[in-house]
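Note sheet for the following structure.
The numbers here are math on the coordinates, done by the rules we state, and not lab data. Predicted, not measured: the structure shown is a model, and the values here were computed from it. Every residue, glycine among them, receives a Cβ derived from its backbone with ideal geometry; neighbour counts consider all protein chains shown.
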Amino acid sequence: MKNIVLSFDDAREDFYTRAYPLLKEKNLTATLNVTSGFILYPEKFSCFPSGENKPMTSDNILECQKNGIEIALHGSMHLNTKQDVLSNIDELKSMGVNVDNIGFASPCSHITFENKNADGIWDLIIKMGGYIRSGRQLRR
């Protein structure tokens, strides 16, 4: 038996309109890595790597979480710093997202085993009961 992990980045509208309905239909779950600044301050992301995709709304995020989609930290501004993660946590809380045991998906795979606590992100997330997933570690 093989396990498959479905992970979607940034909380773009196309997740909500395309992937989420299919996941619900097939009774599957996934992890949605939310860049909260993309939702709260979309004007700051005019050249965001997601291209022309619009952000999901706070209500979309809450609906997804209510229906079994795991919400993970992905930074407020996609910067991968401790302050960016702290802002991400505060912004998600302000939207009503439950951040208990939340994980952190490391954008651009900057967090590795070797530098895992260079700025305290590792301790921050683990103390919250969450996890850190580095794309580099997961894919290779």
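So, counting K/R as plus one and D/E as minus one, what does the shell of residues with Cβ under 14 Å around N67 add up to?
Numbers: positive: K24, K26, K66; negative: E25, D59, E63, E70.
Net of charged neighbours comes to -1.
Less than 11 Å from a label point 7 Å out along the Cα-to-Cβ axis of N67: which backbone N atoms in the stretch 17-40 qualify, by residue?
Hits in the stretch 17-40 for N67 at 11 Å: 17-28.
So which of K24/K93; K2/K66; K54/K127; K24/K127 end up more than 30 Å apart, counting from Cα to Cα? Could you put the intermediate results ahead of the total?
Numbers: K24/K93 24 Å; K2/K66 27 Å; K54/K127 33 Å; K24/K127 32 Å.
Among K24/K93; K2/K66; K54/K127; K24/K127, the Cα-Cα distance tops 30 Å for K54/K127; K24/K127.
I want the local charge near K82. Using Cβ-Cβ distances under 10 Å, sum +1 for each Lys or Arg and -1 for each Asp or Glu among the other residues. Please list the in-between numbers first.
Details: positive: none; negative: D84, D119, D123.
Surrounding charge for K82 is -3.
Rank-order 97-104, 70-77 by packing density, defined as the average count of other C-beta atoms within 10 Å over each peptide's residues, highest first. Kindly include the intermediate steps, with their values, before the conclusion.
Details: 97-104: 16.1, 70-77: 23.5.
With the highest mean Cβ count within 10 Å placed first, the list reads 70-77, 97-104.
At 0.36 nm per residue, and after removing the present C-alpha to C-alpha distance, how many nm does the segment from E43 to K82 gain when stretched out fully?
Length gained, E43 through K82: 11.8 nm.
Return the FRET efficiency for the residue pair D59, M1: r is the Cβ-Cβ distance, R0 is 30 Å, and the value is rounded to the nearest 0.05. Display every interim value, and only then the final one.
Details: r = 36 Å, r/R0 = 1.21.
The pair D59/M1 has a calculated efficiency of 0.25.
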